[in-house]
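Below is one structure, written out as structure tokens; the observations come after it.
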Amino acid sequence: MSGPLLLAVESSCDETGIALVEDGRRIHADVVASQVALHAPTGGIVPEVAARAHLRWIVPALDEALATAGVTVRDVDAGAVTCGPGLAGSLLVGINFAKALAWAHDKPLVGVNHLEGHVYAGWLLDPGEEEREEPVFPLVGLVVSGGHTFLVEMPDHLTYRLLGTTVDDAAGEAFDKVGRLLGLGYPGGPAISAAAERATARDRVFPRAWMRDTCDLSFSGLKTAARRIIGEARADAGLPADEREGPLPDAVGAELAWGFQDAVVDVLATKTLRAAEETNARGIVLGGGVASNEALRARISAGAAARGIAMTIPRPGLCTDNGAMIGAAGARRYAAGERAGLDLDARPTMPLARPLARPAVP
Ligand code: KG4
Ligand code: ZN
């Protein structure tokens, strides 16, 4: 081992994640018990159901992670656990589990911000993966998930300046909503991306909210426009307005999925690349579930390459929620001397960063 081995726990939303990560970088085990199938019938997460599922799966996930890494809790140097933001009941399951483990085995514990975890997923290496360059500072991070969408500037480790954030919905939320309207099921992101791949006509233009060229984002207008466009397409196809009465013909659904995805990708890529230019960033890191979207990855990667900016996008399984990313961020906090006490509590609305002071209007 070249550095401390952390046992990381993630339970902020609908995935139970337990990971073993060495030195904030090398994954030894990353077990994710997904609740996607559990929440599919309701088309979204029911908090009480999610908390109970964490309780059901957290011990088996720990056993599997330890077995995969071939270690016991005694070999672990410290614990790391997501303390916010997220669903209170879900967070509490992971926090109390991690506190109990730390107390019983007399190990130090650090609390980690879930959003910081999404950024730090960019530092992770899979078990057999060859060494590669770490993300370079100063960098711009784009976190796009089901609950959050924002751009952050990172001059160095653990230092964040919020550049802009969504003023309404998260990008993932818009994917999920439009996926439902298209009759594609839950979660909408992967389904829309797959449908868009099948589109032959790629000329539908959905509206983009540029937010007066700030780094802020907005997706609620796009969602409303999508509802209208899909409604019109259903009427044209002679279908009832309610999407539960049957989906659009596949070719039409695919075309609309492509148009919607193109609008989201266009805004996210344009704003991320511009933020990187304006802050003289040397690196860009993407994180969060929507960062597993192939069109978004390709578009930002091409833009970064053209500008000579180093690009880091974790593989899709590390973009969606997982324990390893909490181990990556937790290791930095552990190295900085941070320690959580047994009073560590859930912070459902925990912020990651504050905005830059805005210049006074003359
Ligand atoms: O980060 P994450 O796993 O959970 C949160 O912290 O929210 O993100 C989940 C979100 C969902 O909204 C899902 O639809 C979206 O990520 N997502 C995608 C893709 N895969 C997952 N969105 C677009 N394209 C994808 N391929
Ligand atoms: Zn997340």
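Just so it is clear, none of the values below were taken in a lab; they were calculated from the coordinates. Predicted model only: the values in this text are computed from it and were never measured. We place every Cβ from the backbone using ideal geometry, glycine too, and count neighbours over all the protein chains shown.
Structure data summary
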read-out: Sorted peptide list for 8-16, 41-49, criterion being average Cβ within 10 angstrom, highest first; value: 8-16, 41-49
read-out: Placed amide H near ALA80: partners under 5 Å, 5+ positions off or other chain; value: LEU7, ALA8, VAL9, VAL110
read-out: ASP213 versus ALA100: modelled label distance in nm, points set 7 Å from Cα along the beta carbon direction; value: 5.6 nm
read-out: R0 of 35 Å, Cβ-Cβ distance ARG74-ALA310: FRET efficiency to nearest 0.05; value: 0.35
read-out: Cβ crowding within 10 Å averaged over residues, with 269-275, 195-201, 63-69 ranked highest first; value: 269-275, 63-69, 195-201
read-out: Built amide H within the under 5 Å cut-off of LEU125, gap 5+; value: ARG26, ILE27
read-out: Ordering of 74-86, 212-224 by packing [mean C-beta count within 10 Å, highest first]; value: 74-86, 212-224
read-out: Rg(Cα) / (2.2 N^0.38 Å) computed for the range 237-338, rounded to two decimals; value: 1.46
read-out: Candidates per GluC sites (Glu not before Pro) in the range 86-174, loop by DSSP, up to 14 other Cβ within 10 Å; value: GLU129, GLU130, GLU131, GLU133
read-out: 10 Å binning of all Cα-Cα separations within the chain, expressed as whole percents from 0 upward; value: 6, 25, 31, 24, 11, 3, 0
read-out: Extended-chain gain in nm, criterion 0.36 nm per residue less alpha-carbon gap, ARG227 and ALA241; value: 4.0 nm
read-out: Structure-based [θ]222 nm, the chain - -39500 (n - 2.57) summed over DSSP H runs of at least 4, per residue, nearest 500; value: -13000 deg cm²/dmol
